[in-house]
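Have a look at the structure below, then the notes.
The values are calculated or read from the model by the stated rules, or taken from the named source; none is laboratory data. Everything numeric here is computed off the predicted structure, so don't read it as measured data. Glycine gets a Cβ as well: all are built from the backbone with ideal geometry, and neighbour counts include every protein chain shown. What goes into the accessible areas is simple: the full protein's heavy atoms, side chains included, and nothing from ligands, DNA or RNA. Shrake-Rupley method; radii C 1.70, N 1.55, O 1.52, S 1.80 Å.
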Amino acid sequence: ENCVKRFARCATAESFNRQMAVEDLKFKQGDQWPEDIRSQRTIDKRPCLTINKMKTFIHQITNDQRQNRPAINVSPVGDRSDIETARMFKGLIRQIERQSNADVAYDTAFDSAVSMGWGYWRIITDYETDNSFDQCIRIERIRNPFRVYMDPDHQEPDGSDAQWCFISDLITREAF
């Protein structure tokens, strides 16, 4: 019951932003004429020319991000810190990113953020094999940012102070 209330609250709080995001994505794809003007021009047998420059502008921004990728840096801080331990953690993070193909997750989230205002990727743990209790950390992309419903009370731009988050998924009745 608590989850249903939270989800409904989140869906209500984000509904306008999600509607605007759908419009942004349509505009990106070239659907740039208002419906009333398009229908009137169709009736008048006049063309609706669209010279879509949005993808070019979006690629300028996303290509800059791909060329200058942000990287996670580990710095030793405090009395008990150690430079070698920081180097080890940095290497471990790079290994997790490589094994997870994290660049794809970062690029997908960044492209969504530029195109419609927000994008997501997540860090998960998964069992190494079906018979093992050992877990590995993976960075996973979220292809469809509309699947994510973040706590509407978060204050930080990256949502790091959110208390909860839903990631929805459509499955068949048989799979459920």
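Brief remarks on what is shown
- Selection within region 25-63 - touching a helix residue (DSSP H, G or I) at 6+ places or on another chain (Cβ under 7 Å) and either among the aromatic types (Phe, Trp, Tyr) or in contact (Cβ under 8 Å) with a residue 60 or more places away in the chain (or both): Leu25, Phe27, Lys28
- Answer residue from region 131-152, given it is in contact with a helix residue (DSSP H, G or I) (Cβ under 9 Å, 6 or more places away or on another chain) and open to solvent by 60 Å² or more (accessible area, probe 1.4 Å) and is farthest from Glu14 (Cα to Cα) among those: Ile137
- When the residues of region 32-55 are filtered to those that are in a helix (DSSP H, G or I) and open to solvent by less than 80 Å² (accessible area, probe 1.4 Å), the one that is farthest from Met116 (Cα to Cα) is Arg41.
- Condition met for Phe146 (out of contact with any Leu (no Cβ under 7 Å at 6 or more places or on another chain) and at pLDDT 95 or above): yes
- Enumeration of residues in region 122-176 that are touching a residue at least 24 places away in the same chain (Cβ under 8 Å), out of contact with any Cys (no Cβ under 7 Å at 6 or more places or on another chain) and in a loop (DSSP other than H, G, I, E, B): Ile142, Arg143, Trp164
- Candidate set: region 1-32, residues that are over 18 Å from Val148 (Cβ atoms) and not basic (Lys, Arg); chosen: the one modelled with the lowest pLDDT: Glu1
- Only one entry in Ile171, Ile123, Ile142 is under 30 Å from Gln67 (Cβ atoms), among the hydrophobic types (A, V, I, L, M, F, W, C) and over 11 Å from the mean Cα position of the chain (by Cα), namely Ile123.
- Qualifying residue in region 60-80 (condition: among the hydroxyl-bearing types (Ser, Thr, Tyr) and either surrounded by 13 or more Cβ atoms within 10 Å (Cβ to Cβ) or in contact with a His (Cβ under 9 Å, 6 or more places away or on another chain) (or both)): yes
- Checklist (1) part of a helix (DSSP H, G or I); (2) hydrophobic (A, V, I, L, M, F, W, C); (3) under 20 Å from the mean Cα position of the chain (by Cα) applied to Ile72, failing item: (1)
- Breaking point among (1) open to solvent by 60 Å² or more (accessible area, probe 1.4 Å); (2) within 30 Å of Cys10 (Cβ to Cβ); (3) hydrophobic (A, V, I, L, M, F, W, C), for Ala102: (1)
- Contacts under 8 angstrom Cβ, first residue in region 83-106 being part of a helix (DSSP H, G or I), partner of a type in the set (Asp, Glu) and open to solvent by 60 Å² or more (accessible area, probe 1.4 Å), 6 or more apart: Glu97/Asp103
- Qualifying residue in region 118-130 (condition: loosely packed, with under 13 Cβ neighbours inside 10 Å and more than 21 Å from Arg98 (Cβ to Cβ)): yes
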